[in-house]
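Worksheet: the structure to be examined is printed underneath.
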Amino acid sequence: MGHLAPRVKTERPQNEFMDDSGERRGRIARRLRRQADACSILGSPLYAQLLEAAAVDVLGGGPAWDVLQGRDMDDAGSALALRFMGGVHRLVLEGKAPELAEHYPSAGGRPAQEAPRVFLETVERLADKIRGSLDRPVQTNEVGRAAGLVGGFLTVAQRTGLPLRILEIGASAGLLLRWDRYRYEARGATWGPADSPVRLCSFNSEDPLPFEVGAEVAERAGCDTDPVDAATDEGALTLLSYVWPDQLARIRNLRSALAVARRDPVAIERANAADWLEERVQQAVPGLATVVYHSIVLQYLSDADFERVGSAITDAGSAATGNAPIAWLRMEPGGEEAHVRLTMWPEGGERLVATCSYHGASVRWLGYG
Ligand SMILES: C[S@@+](CC[C@H](N)C(=O)[O-])C[C@H]1O[C@@H](n2cnc3c(N)ncnc32)[C@H](O)[C@@H]1O
């Protein structure tokens, strides 16, 4: 009896703790595995492998669990797994994890079989720093999406014959506000400055894009609730840390677009999309075609802001004239692919003008008709 009593006493609380902890571990492991699957489909075998190792480690109560515990109830849209991986990638890019850098192509390394072990050792060694970076939101500004949008901008220029006034909501670092500074190449046709360091060639269309059209951007402005300053080292590091380290084409494009941004600064206002747009879009500018645009932003807006953004654009659209037209260009989720839609006022209406991958690859131009 004597030796049984303490065991009975401690067993119940221990089981309760184990059950609760087991559930929490399970929830985090599922989030990591969902992201691993997405990375595998979207062409990052390195992250797929590391996230799977992290999921196993969380279930076993290892260093990844040590860093991620307490985060199982974080908002589902906050991309916990990518905040975690971005925090580790930042340390690699800063030179603070040289052993792991040997497995990260973004730092000149090559993934090898022992990458998951080295990853978990790094997580253990730099746990405090990684824990701190979980409070940062995922910040991506995907240059490749300019390839999905370019046909829309050119269509507006072609159909209105006017210079453009472009207004971007959820602009992040504003890299898509410089879409006209990039070079596009599709089946022998090209558009944009031949000496641009950014080259976007990921077109997969039967229909030719309207690359014969010239377009002048007369005014450009953007807003974001959490803008990144593309002209600073800190801004560049933030953006690079959230690109998957074995996706070298995206990294190359991002580095090149950052060089363009340093040469050609555009201030991004820290503002909520609905407030910012309501103020600007009603003030049509005669002689300019206003294009309101966004990519992968609507899902982040509150229901009220979503309504307000839609109303601000359609109200401005109904007041548009031939000399002050309005266009709404957007690349937003359309299932397995992103859908690019264009609506024009006073004439034109809405069309699905292109489809592409979420990062702007494999653009299929459908045209405005
Ligand atoms: C997935 S990122 C896309 C960034 C950029 N449009 C691109 O395609 O590369 C979403 C952006 O929307 C911004 N955002 C989220 N809610 C917002 C809001 N209510 N108003 C303005 N920007 C917002 C975020 O800060 C983030 O920069």
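The values are calculated or read from the model by the stated rules, or taken from the named source; none is laboratory data. Just so it is clear, the model here is predicted, and its values are computed rather than measured. Glycine gets a Cβ as well: all are built from the backbone with ideal geometry, and neighbour counts include every protein chain shown.
Which members of the stretch 99-114 meet the condition of being within 22 Å of Arg250 (Cα to Cα) and surrounded by 12 or more Cβ atoms within 10 Å (Cβ to Cβ)? Talk me through it step by step, then tell me what you get.
In the first step, residues of the stretch 99-114 are kept if they are within 22 Å of Arg250 (Cα to Cα); the result is 100-112.
Matches in the stretch 99-114: Leu100, Ala101, Glu102, His103, Tyr104, Pro105, Ser106, Ala107, Gly109, Pro111.
Residue by residue through the stretch 192-206, note down the ones that are over 20 Å from Arg330 (Cα atoms) and either within 16 Å of the ligand (Cβ to nearest atom) or in contact with a Phe, Trp or Tyr (Cβ under 6 Å, 6 or more places away or on another chain) (or both).
Selection gives Gly192, Ser196, Val198.
Just to be sure, is Asp180 buried (at least 18 other Cβ atoms within 10 Å of the Cβ), among the acidic types (Asp, Glu) and touching a strand residue (DSSP E or B) at 6+ places or on another chain (Cβ under 7 Å)? Before the answer, list the steps.
Details: buried (at least 18 other Cβ atoms within 10 Å of the Cβ): yes; among the acidic types (Asp, Glu): yes; touching a strand residue (DSSP E or B) at 6+ places or on another chain (Cβ under 7 Å): yes.
Considered against the rule, which asks whether it is buried (at least 18 other Cβ atoms within 10 Å of the Cβ), among the acidic types (Asp, Glu) and touching a strand residue (DSSP E or B) at 6+ places or on another chain (Cβ under 7 Å), Asp180 comes out as yes.
What are the pairs with Cβ atoms under 8 angstrom where one residue, in the stretch 290-301, is near the ligand (Cβ under 6 Å from one of its atoms) and the other, located anywhere, is at pLDDT below 95 and small (Gly, Ala, Ser)? Sequence gap at least six, or different chains.
So the pair list comes out as Tyr300/Gly77.
Restricting the search to the stretch 166-185, which residues are closer than 19 Å to Pro208 by Cβ and in contact (Cβ under 8 Å) with a residue 60 or more places away in the chain?
Across the stretch 166-185, the qualifying residue is only Tyr182.
For the stretch 144-191, list the strands (runs of 3 or more DSSP E) that sit wholly inside it and hold at least 3 residues that are near the ligand (Cβ under 9 Å from one of its atoms); which are they? Before the answer, list the steps.
Details: elements: 164-169, 183-186, 189-191.
Ranges flagged: none.
For the stretch 290-307, which positions are among the small types (Gly, Ala, Ser) and closer than 20 Å to Gly174 by Cβ?
Ser295
Against the condition touching a His at 6+ places or on another chain (Cβ under 9 Å), in contact (Cβ under 8 Å) with a residue 40 or more places away in the chain and either in the same structural domain as Ser241 (by TED's automatic domain parsing) or part of a helix (DSSP H, G or I) (or both), how does Phe84 come out, does it pass? First the steps, then the outcome.
Numbers: touching a His at 6+ places or on another chain (Cβ under 9 Å): no; in contact (Cβ under 8 Å) with a residue 40 or more places away in the chain: yes; either in the same structural domain as Ser241 (by TED's automatic domain parsing) or part of a helix (DSSP H, G or I) (or both): yes.
Considered against the rule, which asks whether it is touching a His at 6+ places or on another chain (Cβ under 9 Å), in contact (Cβ under 8 Å) with a residue 40 or more places away in the chain and either in the same structural domain as Ser241 (by TED's automatic domain parsing) or part of a helix (DSSP H, G or I) (or both), Phe84 comes out as no.
Quick check: anything in the stretch 61-72 assigned to a helix (DSSP H, G or I), of a type in the set (Gly, Ala, Ser) and surrounded by 20 or more Cβ atoms within 10 Å (Cβ to Cβ)? Write out each step before concluding.
Going through the stretch 61-72, the residues assigned to a helix (DSSP H, G or I) turn out to be 63-68.
Filter once more, keeping what is of a type in the set (Gly, Ala, Ser): 64.
This time we only want the ones that are surrounded by 20 or more Cβ atoms within 10 Å (Cβ to Cβ), so: 64.
For the stretch 61-72, residues assigned to a helix (DSSP H, G or I), of a type in the set (Gly, Ala, Ser) and surrounded by 20 or more Cβ atoms within 10 Å (Cβ to Cβ): present.
Could you identify the single residue in Leu42, Leu91 that is out of contact with any helix residue (DSSP H, G or I) (no Cβ under 7 Å at 6 or more places or on another chain), of a type outside the set (Gly, Ala, Ser) and under 15 Å from Tyr242 (Cβ atoms)? It would help to see each step written out before you state the result.
Details: Leu91 fails: out of contact with any helix residue (DSSP H, G or I) (no Cβ under 7 Å at 6 or more places or on another chain).
After applying the criteria, what remains is Leu42.
Taking the stretch 302-316, which residues are near the ligand (Cβ under 9 Å from one of its atoms) and in contact with a Phe, Trp or Tyr (Cβ under 8 Å, 6 or more places away or on another chain)?
none
Considering the stretch 324-338 alone, what residues qualify as being free of Cβ contacts under 8 Å to residues at least 60 places away in the same chain and under 24 Å from Arg165 (Cβ atoms)? Can you show your working first?
Residues of the stretch 324-338 that are free of Cβ contacts under 8 Å to residues at least 60 places away in the same chain, as a first pass: 324, 326, 328, 330, 332-337.
Ala324, Ile326, Trp328, Arg330, Glu332 - these are the residues of the stretch 324-338 that are free of Cβ contacts under 8 Å to residues at least 60 places away in the same chain and under 24 Å from Arg165 (Cβ atoms).
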